[in-house]
Amino acid sequence: MAMPPLHAITLGGGGEEDRFTYVLASLLQHERVARAFTSNVLGIQVAPSSPVVADIQQVVGDGRVDLRLSGTGFYAIIEVKLTAWLHGDQIPVYARHLAPRDGGRLFLLAPSATLLGMQADAQAQVAALAPAPEASVVVAGLTWQSVADFLRHLPEHDPELPSDLRVYLRDFASVVYADIEGDRRPFTDEEAKTIQTAYIADYTERLEIVLVDVLKQLRLAFPGSSNKIGAALGFLGGTIKVGGYWAWFGMPAAAWREQGRTPYWIQTLPSAITQHWEALAHERGLPLSIARRGRAETLIPVLLRDRDRSLDSVTATVVERATAILTALPDAYRAAGMTQSSDPVLAPAERVVAADLGSDDI
């Protein structure tokens, strides 16, 4: 079970739940991590001289344990859940196994959104074993979010952890939050202080002023475009009609965060035009698209100039470069065999209308 976490990501089993369990167990192979996890997350105090052993997929009666931690005076079984609910007779099997053991503990690890319901279900399964002694086993709850918080902060509290392990701990914490909550990680202390000032509001307001001004000018250049500004989770922008085809221009927060360089992007669907766009981009000196995990789209950055400082100069640059991209897009659509459509089936823009520029505005 000494598999490095980087390898565990790909070799930890066929399902996502298996891989998450395997990576967590791999991190727990480091004694300092295992001891801190046992005391701080599980609430089990470990004797100074007692090693902590973490293993997975151990057969227990008629069941197979997802994750098990053991040491002098304690023995903990952790049932791991991501998206699936409890199934079969697994919880009662573990209760029967733990009941005669001193220091036996049973935990259910699940996302915070489903933990309470699953925990109640698990405890009911155990209670149904009465009058057998295993009916007294308590099913304790752990959230993936609390585990991620522990992993993320452990390097701050333990300076003796190896540097590569620190990277694994922080990266896996980020993966957990990205998967469980769609990147809704908690704010750091520094971020919490920052958002209580006017800096973020001022910065965001100026970016949105540029966005609105750019959309006004693009809609003059490309008649027939919608006058709406659409807002959805992590997206702010609007659709542009060019050569009978549709594209979306705006600020997708995830792409900006992952790639940097610019807050402004042009999005097209489906991703079938990607390879055709790449050929056009090389030929005409335009930016290449980027790929985002789990999304079928072509997303093209509208790059800024380093010398742009005033809102007018930023707006002019974005209009110029967005226009060059939009003008080339119909060729990529046609090369992909796509016909013109009046239906802008794009991810964010048509979902929630936050504002209307109005015909008088453009």
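When Glu181, Glu191, Glu156 are checked against the criterion of being under 25 Å from the mean Cα position of the chain (by Cα) and not assigned by TED's automatic domain parsing to the domain that holds Leu27, Glu191 stands alone in meeting it.
Residues in the stretch 45-53: is at least one under 26 Å from Pro186 (Cβ atoms), assigned by TED's automatic domain parsing to the domain that holds Phe20, free of Cβ contacts under 8 Å to residues at least 12 places away in the same chain and surrounded by fewer than 20 Cβ atoms within 10 Å (Cβ to Cβ)?
Scanning the stretch 45-53 turns up no residue that is under 26 Å from Pro186 (Cβ atoms), assigned by TED's automatic domain parsing to the domain that holds Phe20, free of Cβ contacts under 8 Å to residues at least 12 places away in the same chain and surrounded by fewer than 20 Cβ atoms within 10 Å (Cβ to Cβ).
Restricting Leu151, Leu129, Leu98 to those that are under 32 Å from the mean Cα position of the chain (by Cα) and in the same structural domain as Arg35 (by TED's automatic domain parsing) reduces the list to Leu151. Considering only the stretch 79-96, I want to know if a residue exists there that is touching a strand residue (DSSP E or B) at 6+ places or on another chain (Cβ under 7 Å), closer than 16 Å to Phe37 by Cβ and β-branched (Val, Ile, Thr). Yes, that holds for at least one residue.
Apart from one condition, Leu220 fits all of (1) closer than 23 Å to Ala25 by Cα; (2) touching a residue at least 40 places away in the same chain (Cβ under 8 Å); the exception is (1).
Residue pairs whose Cβ atoms lie under 6 Å apart, separated by 6 or more positions or on different chains, with the first residue in the stretch 60-76 and of a type in the set (S, T, N, Q) and the second at pLDDT below 90, are Thr72/Ala47; Thr72/Ser50. The residues listed here are Val65, Val80; of these, the one that is in contact with a Ser or Thr (Cβ under 7 Å, 6 or more places away or on another chain) and in the same structural domain as Tyr177 (by TED's automatic domain parsing) is Val80.
In the stretch 148-163, the count of residues that are modelled with pLDDT under 90, touching a Phe, Trp or Tyr at 6+ places or on another chain (Cβ under 6 Å) and farther than 18 Å from Ser39 by Cα is zero. Can you name the residue in the stretch 68-118 that is closer than 20 Å to Leu42 by Cα, among the β-branched types (Val, Ile, Thr) and assigned to a helix (DSSP H, G or I) and is also modelled with the lowest pLDDT among such residues? Out of the qualifying residues, it is Thr114. Filtering the stretch 244-253 down to residues that are within 14 Å of Thr268 (Cα to Cα) and outside any strand (DSSP E or B), which residue is modelled with the highest pLDDT? Restricting to residues being within 14 Å of Thr268 (Cα to Cα) and outside any strand (DSSP E or B), the top hit is Met251. In the stretch 299-320, the residues that are in contact (Cβ under 8 Å) with a residue 60 or more places away in the chain and closer than 18 Å to Glu208 by Cβ reach residues that are among the small types (Gly, Ala, Ser) and surrounded by 14 or more Cβ atoms within 10 Å (Cβ to Cβ) with C-beta atoms within less than 9 angstrom, at least six apart or across chains, in these pairs: Val319/Ala221. For the stretch 77-131, which positions are closer than 21 Å to Glu16 by Cβ and acidic (Asp, Glu)? Within the stretch 77-131, Glu79 is the sole residue that qualifies. Return yes when Lys241 is outside the structural domain of Ser310 (by TED's automatic domain parsing) and at pLDDT 85 or above and no when it is not. So Lys241 fails the test.
Restricted to the stretch 197-222, and to residues there that are touching a strand residue (DSSP E or B) at 6+ places or on another chain (Cβ under 8 Å) and more than 12 Å from Met251 (Cβ to Cβ), the residue that is surrounded by the fewest Cβ atoms within 10 Å (Cβ to Cβ) is Phe222. Among the listed residues Arg307, Arg321, which satisfies the condition of being part of a loop (DSSP other than H, G, I, E, B) and not small (Gly, Ala, Ser)? The conditions single out Arg307.
Looking at the stretch 214-250, which of its residues are of a type in the set (A, V, I, L, M) and under 17 Å from Glu320 (Cα atoms)?
Correct list: Val214, Leu215, Leu218, Leu220, Ala221, Ile240, Val242, Ala247.
Contact annotation: residue pairs with Cβ atoms under 7 Å, 6 or more positions apart or on different chains, pairing a residue in the stretch 136-156 that is over 14 Å from Leu27 (Cβ atoms) with a partner that is of a type in the set (Lys, Arg), are Ala140/Arg105.
The values are calculated or read from the model by the stated rules, or taken from the named source; none is laboratory data. Everything numeric in this text was worked out from a predicted model, so none of it was measured. When we count neighbours, we look across all protein chains shown, and the Cβ atoms used for this are built from the backbone with ideal geometry, even at glycine.
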